[in-house]
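Structure first, then comments.
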Amino acid sequence: MREGFNPNKNIKIEENTFFHQVIIPVYIPYEDKYFKDSLIILKYSLNSLFITSHKHTFFTIVNNGSCKKVIEYLNDLLINKKIHELIHTNNIGKLNAITKGTSGQNFPIITISDADVLFLNNWQKETYNIFNTFPKTGVVSTTPNSKLLKYNTANIILANLFSKKMRFSKVKDKKSMKMFGKSIGNEKLFNKYHLDQYLTINKKDTFAVVGAGHFVGTYNAIVLDKTNYSNYKMGVSIRNFLDKPIFDKGFWRLSTVNNFTYHMGNTIEPWMEDVVTSLSNETDIFEAPVIESRIKSINYVSILMSFMFSKLIYRKNIWHFFLRLKGLTNEASKKY
C-alpha cells in the first residue's frame, strides 16, 4: 500500500553547469598476462584527464565487467567526487557500455575514450577550436593519423575538392605519430610519406587534419544514437555505430594538427609517468563551443553523392591524381 504523495513528483531536474561529458568504458577482468599493467595505465589515464579538463566536464566511467580491485578503485573515485557517474555492468561489450554512459544524459559534446589514453594540456581548447571553426564537424580526434584520410571522409573531400583551403601540410609531430604506431604493436604503421605530410583543411588561422580515429574522439552529441545495441564486443560495432553515422548524417571527421593525446597500450613505459607529472592543472572555466545543435534533415541526395563520389575518387589512378592536385609529389602519391 502506498500512503502520501511522493515529494519528487512533477519536480524538474535542476540545471547544472556541465556541458562536456567524457565517457570511458573500463574492462580489466584480471591483473595478469595481457592486463597485468592495465590498472596502473588506467590510473595514468584518469589522472591526466582530471588535471587537463575544465570544471564544466562531467566524468562518466562504465565498469564493463572488471575485477574487484578495479571496482574498488573506481568506487573510491566516486566517493571522493573525482568522477560524477559510475556505472557497473557485466562485460556487455564496448559499444553497449558506451550507450549506458550516454543514456539519461543531455550534453552537447561527448568525448568517448579508451581506458589507455593519456590526455595532454590544451586537448579541450584545441578540440573546441575545430568545432567553432568548422560547423560541419561531427567528431574531433586529438591524435592525428594521416592514414585515415580515406576513412568516411568522402563528404569532406567532395565539398573541398577544388578549394585551396584543403591541401597537404607538413606533419607537426612525427614522434607522436610513431609512438601511436608502436602503441598498437605496429612500428611500421606509417611510411616516410605519411610521417611527412597529412591532408589538412583550413579556415583563417585554424587547421584541421582530414580524418579521425575512434580510440579517443569528441563528438557532437546529435550524431550519436543513444539507443544503440550491438551483438559484438568490439570491432564492427564501433565502425558501424560510432564512425559511419557521422558520414551518413553529413558531418565531418577531423583531427587536431598537433598531438594532444597518447595511446598507451597495455604495457607501462617510463615516459608515461613523466608526462603525467609534467602536466599543469587546467580546471579554469571554458566557454562551450558553438556546434550544430540539431540535424535539420538528412540529405539523402548529398549522402548518395558522397557515396558515389567515394567509389570514383578512390580508384587508383584518380586517387593518385587527387593527391598530386593537393600537393604530393608523384612518388609520394603512389606510396601514400
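The values are calculated or read from the model by the stated rules, or taken from the named source; none is laboratory data. These numbers were taken from a predicted model, which means no experiment stands behind them. Glycine also receives a Cβ, built like all others from the backbone with ideal geometry; neighbour counts cover every protein chain displayed.
Each residue in segment 278-330 was checked for being modelled with pLDDT under 90, farther than 30 Å from residue 53 by Cβ and not aromatic (Phe, Trp, Tyr), and 13 of them qualify.
Inspect segment 28-44 for any residue being free of Cβ contacts under 8 Å to residues at least 60 places away in the same chain and touching a strand residue (DSSP E or B) at 6+ places or on another chain (Cβ under 8 Å) and give the result as yes or no. No, there is no match, as no residue in segment 28-44 is free of Cβ contacts under 8 Å to residues at least 60 places away in the same chain and touching a strand residue (DSSP E or B) at 6+ places or on another chain (Cβ under 8 Å).
This table checks each residue for (1) touching a Ser or Thr at 6+ places or on another chain (Cβ under 7 Å); (2) over 18 Å from residue 117 (Cβ atoms); (3) in contact (Cβ under 8 Å) with a residue 40 or more places away in the chain; (4) assigned to a strand (DSSP E or B).
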{"site": "176", "(1), (2), (3), (4)": "no, no, yes, no"}
{"site": "179", "(1), (2), (3), (4)": "no, no, yes, no"}
{"site": "187", "(1), (2), (3), (4)": "no, yes, no, no"}
{"site": "193", "(1), (2), (3), (4)": "no, yes, yes, no"}
{"site": "201", "(1), (2), (3), (4)": "no, yes, yes, yes"}
{"site": "207", "(1), (2), (3), (4)": "yes, yes, yes, yes"}
{"site": "213", "(1), (2), (3), (4)": "yes, no, yes, no"}
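Of all residues in segment 137-169, how many are surrounded by 20 or more Cβ atoms within 10 Å (Cβ to Cβ), hydroxyl-bearing (Ser, Thr, Tyr) and either under 24 Å from residue 290 (Cα atoms) or without any contact (Cβ under 8 Å) to a residue 60 or more places away in the chain (or both)? Within segment 137-169, residues that are surrounded by 20 or more Cβ atoms within 10 Å (Cβ to Cβ), hydroxyl-bearing (Ser, Thr, Tyr) and either under 24 Å from residue 290 (Cα atoms) or without any contact (Cβ under 8 Å) to a residue 60 or more places away in the chain (or both) number 5.
Within segment 143-160, restricting attention to residues that are part of a helix (DSSP H, G or I) and among the β-branched types (Val, Ile, Thr), the residue that is nearest to residue 243 (Cα to Cα) is 156. Taking the numbered list (1) of a type outside the set (D, E, K, R); (2) out of contact with any Gly (no Cβ under 8 Å at 6 or more places or on another chain); (3) under 29 Å from residue 62 (Cβ atoms); (4) not in a helix (DSSP H, G or I) in turn, residue 163 passes all entries but (3). None of 131, 215, 168 is closer than 30 Å to residue 40 by Cβ and either at pLDDT below 95 or not aliphatic (A, V, I, L, M) (or both) except 215. For the residues 82, 55, 43, 100, the requirement of being surrounded by 17 or more Cβ atoms within 10 Å (Cβ to Cβ), among the basic types (Lys, Arg) and not in a strand (DSSP E or B) singles out 100.
Every residue, every condition in (1) among the aromatic types (Phe, Trp, Tyr); (2) within 14 Å of residue 123 (Cα to Cα); (3) assigned to a loop (DSSP other than H, G, I, E, B), yes or no:
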{"position": "250", "(1), (2), (3)": "no, no, yes"}
{"position": "255", "(1), (2), (3)": "no, yes, no"}
{"position": "258", "(1), (2), (3)": "no, yes, yes"}
{"position": "268", "(1), (2), (3)": "no, no, yes"}
{"position": "281", "(1), (2), (3)": "no, yes, yes"}
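If you filter segment 19-40 down to residues that are aromatic (Phe, Trp, Tyr) and part of a loop (DSSP other than H, G, I, E, B), you find that the one that is nearest to residue 279 (Cα to Cα) is 19. Here 203, 172 are screened, and the one residue that is closer than 24 Å to residue 290 by Cβ and basic (Lys, Arg) is 203.
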